[in-house]
Structure formats: C-alpha cells, structure tokens
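Below is one structure; the comments refer to it alone.
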Amino acid sequence: MNRTDRLYALVEELRAVAPRPRSARWLAGHFEVSVRTVERDINALQQSGVPIYAEPGRTGGYCLDKARTLPPVNLTPGEAVAMAVALRQLEGTPFRGPAGSALRKLVAAMQGDDAAAARALAGRIHLLGDAGTMPSVPRLVADALSSPRVLRIGYGDREGAATMREIEPLGYVGTATHWYLVAWCRLRDALRAFRTDRIASVTITAEVPPPRSLRGEDLDIPYGIVRQLTLS
C-alpha cells in the first residue's frame, strides 16, 4: 500500500471505530508498517486539518472527531455541477444560503482533480433569468462538455429546415423554457446556440476539438441577464 492509500485508509479506520481510539501499535500491525511510520502519518493528517487527537492512558490511542469531518465524497464533476444547477431553483427561498453552504462543503470534500474539473465545467454553463422546469436534454448532448468530442448533429431550425453539422461543444445556456448547446459550428464557421429539443440526431466522433474559450460577452443575447454558474 502506498502512502496516499494508507493515509486514506487510516482516516477510514479511525472513522469506523470513532469515538473509540486505536493505538499506534494496533494501527502499525494492521497496516504492516512501523509505529514510527504510523505516528508520522497521523502527524501529516493532523497538519492537513483532519481532526485526529490523541487520547492518553493504557487504553488510549488516536481518535477521529466524526462530527467535524465529511467522508470522502466521490462526486463526479458532472454530478457536482448538476447539484449546482438544481440549487439555482432555490433562489429567493429561505434555503438558498444553507444550500450554497452545503454545496461548498461537498466540493471541498471532493478529490482535488475532480473539484478543479467541476469548477471548470461550471464556468462553461450560463443561466438566463429564472430557470424553471426544463425539457429533457439528449444524453449525448448532456455529456458533450464532460467528454469533449466533435459532434455530428442533425438540426432543425425554426422554419423546420434540417441540416447536418459538425460542432465543437463549448457550453450551455439555460432559460425558463429551453436549454441551448453553445458550440462552434463548422458549417457556419462561427459560434452558434443550438436549441437542444431541435437536435434530431447526435453522433460522437473520435476527434477532440481544439481548445476554445467561452466568455459571457461571447453570448449575444439581447434580453435578460446572463449569469455564469458558480460552485459557491
């Protein structure tokens, strides 16, 4: 077991028996390392803010304060952003503050790389006004930012004319009635917003699109206030 896995396992072992203690000798035998190694690991965890304390005495050892910790949260970036979108429905209610606090705690308990990916994904999603009940979004479209690939879509415009397009997904815009996939359209050689309920077919290609930025000012929307989603 490498040290990173052992540190994680130490916390979980202490969490499982809390508030009872585990001695350094017991932990050393359990993880097949020396007592000195266990003491160094415990010190590293304490320095990182894990609430572990030593209980003296013959039956003492190390204890974890469960009330002050969250277990590891294995949210994917997409799941964290989905929660942020759902919490937007609480705007204007007495629960918006506590909901935001809960989301921050969950993000803080995520693995570092996943939390960074979640923040990057959230920065590509914009909501217009007060989002109400939305129509469903095709699964392949919903996953377009999590696993970036060039998409080949069949799209019907407002007059019903159908075209096939290759697009590079960049973000979403949600309104009270519809979701739009914002993408670089290779047919028009320009940024376009595709209403998701007008996307008739989706094929994921093997091509990874080149990096492109998406800023709020790139969204030329003549009405309403566009707010970028955040995880705070």
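The table below gives the values:
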read-out: Around VAL226: net Lys/Arg minus Asp/Glu count, Cβ-Cβ under 11 Å; value: -1
read-out: The chain: calculated mean residue ellipticity at 222 nm from DSSP helix runs of at least 4, using -39500 (n - 2.57); value: -9500 deg cm²/dmol
read-out: Packing rank of 42-48, 116-122, 56-62, where each peptide gets the mean count of other beta carbons within 10 Å, highest leading; value: 116-122, 42-48, 56-62
read-out: Neighbour net charge for ALA80 - beta-carbon separation under 13 angstrom, K R +1, D E -1; value: 0
read-out: Whole-Å semi-axes of the chain's equivalent ellipsoid (Cα gyration tensor); value: 48, 20, 13
read-out: In order through the stretch 110-124: 3J(HN,Hα) via Karplus (6.51 cos²θ - 1.76 cosθ + 1.60), integer Hz, x for Gly, Pro; value: 6, 4, x, 5, 5, 5, 5, 5, 5, 5, 5, 5, 4, x, 9
read-out: Normalised convex hull volume, the stretch 115-232, alpha-carbon set, Å³ per residue; value: 119
read-out: Positive-end extreme of charge dipole, the chain - chosen from VAL182, GLY156, GLY123 (charges on Cβ); value: GLY123
read-out: Using a Förster distance of 30 Å, the FRET efficiency for ARG104-ASP143 (Cβ separation, nearest 0.05); value: 0.75
read-out: Solvent-accessible area per residue for the chain (1.4 angstrom probe, square angstrom); value: 58
read-out: With DNA, RNA and ligands ignored, accessible area of ASP157 (1.4 Å probe; Å², nearest 10); value: 60
read-out: Among TYR180, TYR155, TYR53: highest mean-square fluctuation, GNM of the chain, C-alpha pairs under 10 Å; value: TYR53
read-out: Mean separation of Cα contacts under 8 Å (6+ apart) over length of the chain, as relative contact order %; value: 18
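The values are calculated or read from the model by the stated rules, or taken from the named source; none is laboratory data. Please read all numbers here as calculations on a predicted model, not as lab measurements. Using ideal geometry, Cβ is built from the backbone for each residue, glycine included, and neighbour counts are taken over all protein chains shown. To get the accessible areas, we keep the full protein, side chains included, count just its heavy atoms, and leave off ligands, DNA and RNA. Shrake-Rupley method; radii C 1.70, N 1.55, O 1.52, S 1.80 Å.
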